[in-house]
Each structure stands twice: as structure tokens, then as C-alpha cells.
Amino acid sequence: MLVCLIPLFDENLAVKSYSLLSRRQNLFYNPMLLSTGINDSVGQVDGLEIIDNVGMTTLSNDKEIFVPVNNISIFTDIASNTHAPRSRIVLLIDNSVTPDAMYVRRIDELKKDGFKFAISNLKVKDFEDYRMILSLVDYIYLDYTKIDITKAQIYFTKVYPNIKLIAENIQTMDAFEMLKNQGGYHFYEGPFYRLPITKGDSEVAPLKLNYLSLLNIVNAPDYDLTKAADIISRDTALVISLLEIVNKMSRNSKITSIRHAAAMLGQKELKRWINTAVAKELCADKPSELTRLSLLRAKFAENLAPTFDLAIKGQDLFLMGLFSVLDIILNKPMEEALQMVNVSKEISDAIINEKGEFYRILYLIKVYESGNFNEIDRLEIVDKINSDRIYEAYKESLKWYRDLFY
């Protein structure tokens, strides 16, 4: 099983929903599926099973989840096969669900059961043929790279004013800004929010320099715990976060100072906490998904370490994932950004030069989070990786993130 979540943003770059992608089988192990184009588990809605197994809170806290259904699984007993609140499930269909009467009736039935619908992969020439289905759906994806999205936006605003428009496959921040200024879109989807910085002369804010100093201290060999505590004491948000975690660990102890609180955690746990807490603060002026991306990459990389026979390097891999978006966080080219933190050559080689053992894991993570499961299938064979272990590593990362913030 492979699973990933694709964020859907509003115009303020706040994540409002997730699209859940999944695959049960490796198509390279099943050539007939690959050659015929037939999806595995066509009679099941894997996304609903995953939601029930993992939990809505773990996957998205309080947001809607878009779950793909195909032309066969739409006829399964969807209403009885999930315990998740129907108000938070959006069933995502595509052009495999044709505008025939049986599909229109089925969508209408599920709508009456409380489910929402979205549709994707429609061509402009199909809009009129799909009018009966379009009259029932709540959302439509408009692919920025494949259609004249401006004309499509005008068409749907006039003909189907109740449909919420999702501009998808947005590649650059400039494209996002253009569509946002144009107006009329409910959500925006694409890799635009995590594109690397290649040029920049931005000054790093003093507060961020404080955080970077803290990272440099705790990631040095046998670091000075009291120095770390002194830097923490300069930032109210970090102080509050530190006291909260220490109080959870030792409810009956009276904390007399920040140094005392740091000492109670100890070097190892303080380092672990600082790396996660500081990442959150560094991303405070960025899209919320960037914090999530950074921390999930960090934990995912650490969880994948044993799969790549790198268990002893787990903490280094955590830092690699954490710093893999440092250029975006600091608005600087990655080479300059990494010079501001103490990282090993293995980490810099993976992030900057895209080579070394660490890069194998970073590459897998980037491919995975984009939902490119065909490439994951290939890597599973080349690197002799079990996809179930990848899924478990990702799932545990989601749970860790949930426990960290909720």
C-alpha cells in the first residue's frame, strides 16, 4: 500500500483540504495491470479504508479529504464502508465516470446520503456532455497546464455558479498570484509553494538568526546545554513550548529556570525538541504547509533509515529532511542557506549535489509526496524495498506530526 496527501490551498496559502492518493499493488509486479491501464482494487475505495484505519485526525485534523473513486468502486456500498463523517469526505471522480444515466443516478444517491463530489480530468469539449453530472458535483478541478483556465473559469462561473473551482497543477508562485488576482477559485493545488530559491539577496531576520544559532549549538558534537538554554530564554514562544513539554514529562517537579528545564530534558531530548520546535518557528512567516512538509520529511527520513540499512544515521537523516526546504524558509539559495547551519557532508551532498546514500532517501520522499507511485514502484524493485515498510514509515510520520501539534 502506498498513500500520500496532496494539499489544497486557499488564496492566503492556508491548507483547507487534502486529496488522498493511494495504490495497493506494484504495477511492475503486475504487468497485466500496467499494460491494460486497469487500476488495482477497482472494486474498493482504498482511501476510505485508509481513513478508517489511520483516522481523520491523523490525516488532516479538521479538514475535508478528497477520496478518488472510479467507475466501478462508485457502485460499492460506500455509505456502509466508512465511519468517517460524511461532511468531511469528498468523493473524487474523473472522466472514467461517463455522463450516462446510471452514473448520474448513483451520484445523486450518494449526494442524498450526505457525500460531496468533485470531478477532474474533464476536457473542454466534454463540459456540455457532462452537464447532468456537473449539476450534482460540488467541486471541479481545472488543470492550469492543459486547458485555457481563464475561459473555463468564466464558463463555470456563469453556467454552474454553485460549483467551487480548483485550479490544479500550478507550477510557479507567479502563476498562483496571477490566478489569485484573477479571482473565482476556491482552492489552488500544485508544487508552487515548495519551489527552491535559486537567487536572492534577502536579509535573514534577527529572530531567525537566533533560531539558526540555536540549531548550530545543539547539532554540534557534545554541545553545551547551558548555552542552548540561554538562547531559548530569548524567545517567548520557545520558552513556553519548552515548559509545556517538560511539564508533561515531570508534573510534580518545580522548574526554577530555563536552564533547569533544559537539564531535565537532557542533551538528547533537548536536541530533538529544539530541531522540531525551531523548524516550526522558522516557518512562521511561510505557508503552514511548509512547516508540515519540513517536519514530515524529517520524520519520514528518520523512519526510513532502517529500510536503507542506515538506522545508525537516523538523527542525521532527520536533519536532512528538516533542512531540505531551508532555502524556501530563509529566502536564499540552498548553498547559502546550508552555510548558515552546521550539517554533515552527507546531508549537504544529498540536498545540494543530489548524491550519496542519504540522497536515495530524499529522492524517494520527494517522489512519494508528489504522488508519483509509478516511480516508487520502480524504486521498490531497484532498491529492493518493501512498499509496506514505506507506507508504515509515512503513516508513523503522520501520527508523530499529529501528536506534536494536536
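Here is a yes/no grid of residues against (1) free of Cβ contacts under 8 Å to residues at least 24 places away in the same chain; (2) part of a loop (DSSP other than H, G, I, E, B); (3) surrounded by fewer than 21 Cβ atoms within 10 Å (Cβ to Cβ):
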| site | (1), (2), (3) |
| --- | --- |
| ARG106 | no, no, yes |
| GLU128 | yes, yes, yes |
| GLN153 | no, no, yes |
| ALA167 | no, no, no |
| ILE170 | no, yes, no |
| MET178 | yes, no, yes |
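Hey, among the residues in the range 27-59 that are small (Gly, Ala, Ser) and at pLDDT 80 or above, which one's surrounded by the most Cβ atoms within 10 Å (Cβ to Cβ)? If you could, list the steps in order and put the result at the bottom.
First, pick out the residues of the range 27-59 that are small (Gly, Ala, Ser): 35, 37, 41, 43, 47, 55.
Okay, now just the ones that are also at pLDDT 80 or above, so 47, 55.
Numbers: GLY47: 25, GLY55: 15.
Within the range 27-59, the match that is surrounded by the most Cβ atoms within 10 Å (Cβ to Cβ) is GLY47.
Please find, among LEU92, LEU48, the residue that is touching a residue at least 40 places away in the same chain (Cβ under 8 Å), outside any strand (DSSP E or B) and under 27 Å from the mean Cα position of the chain (by Cα). Show your work before the answer.
Working: LEU92 fails: outside any strand (DSSP E or B).
That would be LEU48, the only listed residue that is touching a residue at least 40 places away in the same chain (Cβ under 8 Å), outside any strand (DSSP E or B) and under 27 Å from the mean Cα position of the chain (by Cα).
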Requested in this report: Sort out which residues of the range 60-87 are modelled with pLDDT of 90 or more, under 27 Å from TRP400 (Cβ atoms) and not acidic (Asp, Glu), and write them in order of number.
Outcome: ILE65, PHE66, VAL67, PRO68
Requested in this report: Only residues in the range 197-220 that are within 18 Å of MET334 (Cβ to Cβ) and not assigned by TED's automatic domain parsing to the domain that holds ILE329 count as the first member; pair them with residues that are outside any helix (DSSP H, G or I) and at pLDDT below 85, Cβ under 7 angstrom, at least 6 apart or cross-chain, and list the lot.
Outcome: ASN216/ASN342; ASN219/ASN342
Query raised in the report: What number of residues within the range 140-151 satisfy the criterion of being free of Cβ contacts under 8 Å to residues at least 40 places away in the same chain and not in a strand (DSSP E or B)?
Result: 7
Query raised in the report: exposed (fewer than 12 other Cβ atoms within 10 Å of the Cβ), over 30 Å from SER370 (Cα atoms), out of contact with any strand residue (DSSP E or B) (no Cβ under 8 Å at 6 or more places or on another chain) and modelled with pLDDT under 85 - does that describe any residue in the range 267-281?
Result: no
**Report entry** Filtered residue count, the range 63-89, keeping only those that are part of a loop (DSSP other than H, G, I, E, B), farther than 15 Å from LEU398 by Cβ and in contact with a helix residue (DSSP H, G or I) (Cβ under 9 Å, 6 or more places away or on another chain)
**Finding:** 7
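Going through LEU225, LEU242, LEU270 one at a time, which residue ends up being touching a Gly at 6+ places or on another chain (Cβ under 9 Å) and not assigned by TED's automatic domain parsing to the domain that holds LEU362? Please lay out each step first, then the result.
Values: LEU242 fails: touching a Gly at 6+ places or on another chain (Cβ under 9 Å); LEU270 fails: touching a Gly at 6+ places or on another chain (Cβ under 9 Å).
Matching residue, one of LEU225, LEU242, LEU270: LEU225.
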Query raised in the report: (1) in contact (Cβ under 8 Å) with a residue 12 or more places away in the chain; (2) out of contact with any helix residue (DSSP H, G or I) (no Cβ under 9 Å at 6 or more places or on another chain); (3) part of a helix (DSSP H, G or I): which one isn't true of GLU244, the others all being true?
Result: (1)
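The values are calculated or read from the model by the stated rules, or taken from the named source; none is laboratory data. On a predicted model such as this, the values are computed, not experimentally measured, just so you know. Ideal geometry is used to build each Cβ from the backbone, glycine not excepted, and the neighbour counts take in all protein chains shown.
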